[in-house]
1. Within the stretch 43-93, can you find the residues that are open to solvent by less than 100 Å² (accessible area, probe 1.4 Å) and touching a residue at least 60 places away in the same chain (Cβ under 8 Å)?
2. Between residues in the stretch 1-25 that are more than 12 Å from G47 (Cα to Cα) and residues that are open to solvent by 40 Å² or more (accessible area, probe 1.4 Å) and among the acidic types (D, E), which pairs lie under 7 Å by C-beta distance while being six or more apart or on different chains?
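The values are calculated or read from the model by the stated rules, or taken from the named source; none is laboratory data. Because the structure is predicted, anything quoted here is derived from the model rather than measured. When we count neighbours, we look across all protein chains shown, and the Cβ atoms used for this are built from the backbone with ideal geometry, even at glycine. For the accessible areas, the whole protein counts, side chains as well, though only heavy atoms, and no ligand, DNA or RNA atoms are used. Shrake-Rupley method; radii C 1.70, N 1.55, O 1.52, S 1.80 Å.
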Amino acid sequence: MSAKEMELSVSISNQKCRIKILKAVAKLTGVDVLKVDAEKGKLTVVGSVDPVSVATAIRKAGYSADITSVGPPKKPDDGKKTPPPPPVPVPDPPPARCQLVAVTYDTTYEYDRAFCSIL
């Protein structure tokens, strides 16, 4: 069987209810991921388990459960967008033509040995 993601609406009033529901569903064969949103009253189950058996297990634990949706698992979205790749540097165009440049050194400079005096 292929993995699927199912959402169930459950009544979760406190931490004790949450733990009992998670234990009841975790015992089922084929459950890969369990997510609980207590504020919204939503249980998300990912795996190859039958959605009806998930709802039945929750009901046997003494809680109400309604299947909201069943579909293929969503790919995790970290909320981070991948940055665009850095631009490829464009090389400078070659010069139009090669030129010979002459470099000369002036060796006639003499150091003046006069000293400064401050009065």
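1. Pass one, the stretch 43-93, residues open to solvent by less than 100 Å² (accessible area, probe 1.4 Å): 43-58, 61-71, 73, 79.
Within the stretch 43-93, I67, T68, S69, V70, G71, P73 meet the criteria.
2. Within 7 Å, the pairs are L8/D66; S9/D66.
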